[in-house]
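Scroll down for the structure; my scribbles are underneath it.
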Amino acid sequence: MARLGLVRNGKISWPVKLAALGATYLTIFSLFQAGIFDDFWLFTLVTICTNIMLASSLNLITGFTGQFSLGHAGFMAIGAYSTGLFTMRFPTIWGFFGGLLIGAILASIVGFLIGLPTLRLRGDYLAIATLGMAEIIRILLTNFEFTNGSAGLNGIPQFVNWTWLFIFTAGTVWLISNLLRSAPGRNAIAVREDEIAAEASGVNAVRAKVMVFVVGAFFGALAGGLYASTFYFIKPDTFNFLMSVNILIVVVLGGLGSLSGSVIAAILLGVVSTFLQQFTTLRMLIYGLILVVIMVFRPEGIMGDRELSLDLLRRVVPNRPGKMVKP
């Protein structure tokens, strides 16, 4: 495989990743075209993909930079309402893209204005500050007349399909992955490891933290826009504290500092939640029990701080019949 360029330094190469992504897209696209997948499955895929986008962008802030944020639902709300209002005013595909872009830019600006002073805080203090920011956004949306107050927006045009959903989700993970391999991304990781040592080495810690906060807000708003353009109806209470906690659960379950873990955890929880819908009375009990069991036996998360690679697969795949490769 190495001679064919499929594996480089123990990591799966981009041609293999692109082939896997292409196969995934074509398989699900074919299922929709054949009528095997209906709107129910589209809604399920939207939930999974928006959770991937939200968890990946929050992992950039919390997992890779070490900033404990509980305000991601606020950025999602900005994106959802911007897309909803814009597409209701301009019900075309260009209105949909315009709403996504406006929401993402607004969320980035809010992230910068709020992040610049609050990211000088650390730990629990930062969590409380970001939680307060999200609640302020929710209260403003509840009281503004143009957002229809607590009644929310109804009849939002639907422009999300599997193609756009796949492009935005794969693009989000790819862009964040490339950012982490760049100089600003390495600076952010250095801040997580030791902020004092990073600053002594010439890293501007505040700049690094604000940068990831703005980028995380941008992609969180994109996820909110896709959500709004799928479910027709949104209201401020949708983006409450529990939404931020649910996003954080996906990040922690997948592993802090692992984009692969965020993707795997979002898919796992989405599939589990879908199959538990038939058990309406016991759904949350079983869902919570699954989370407890996973965290007890795997407290660092599914992937820990590692990414999916060939070396990692070799640790769990037998090297010889009857033998396992030691970690």
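Some observations on this one:
- Region 249-271 residues that are not assigned by TED's automatic domain parsing to the domain that holds ILE286, paired with ones that are surrounded by fewer than 20 Cβ atoms within 10 Å (Cβ to Cβ) (beta carbon under 6 Å, 6 or more apart): none
- Qualifying positions in region 86-120 - buried (at least 20 other Cβ atoms within 10 Å of the Cβ) and of a type in the set (A, V, I, L, M): LEU100, ALA104, ALA107, VAL110, ILE114, LEU119
- Selection status of PHE168, under 24 Å from SER244 (Cα atoms) and buried (at least 17 other Cβ atoms within 10 Å of the Cβ): yes
- When SER82, SER56 are checked against the criterion of being more than 25 Å from ASP124 (Cα to Cα) and surrounded by 24 or more Cβ atoms within 10 Å (Cβ to Cβ), a single residue qualifies: SER82.
- Answer from LEU268, LEU226 - the residue that is under 15 Å from THR169 (Cα atoms) and either among the acidic types (Asp, Glu) or in a helix (DSSP H, G or I) (or both): LEU226
- Of the candidates ALA208, ALA200, the single residue that is without any contact (Cβ under 8 Å) to a residue 12 or more places away in the chain and among the aliphatic types (A, V, I, L, M) is ALA200.
The values are calculated or read from the model by the stated rules, or taken from the named source; none is laboratory data. Remember, predicted model here, so these are calculated numbers, not experimental data. Every residue, glycine among them, receives a Cβ derived from its backbone with ideal geometry; neighbour counts consider all protein chains shown.
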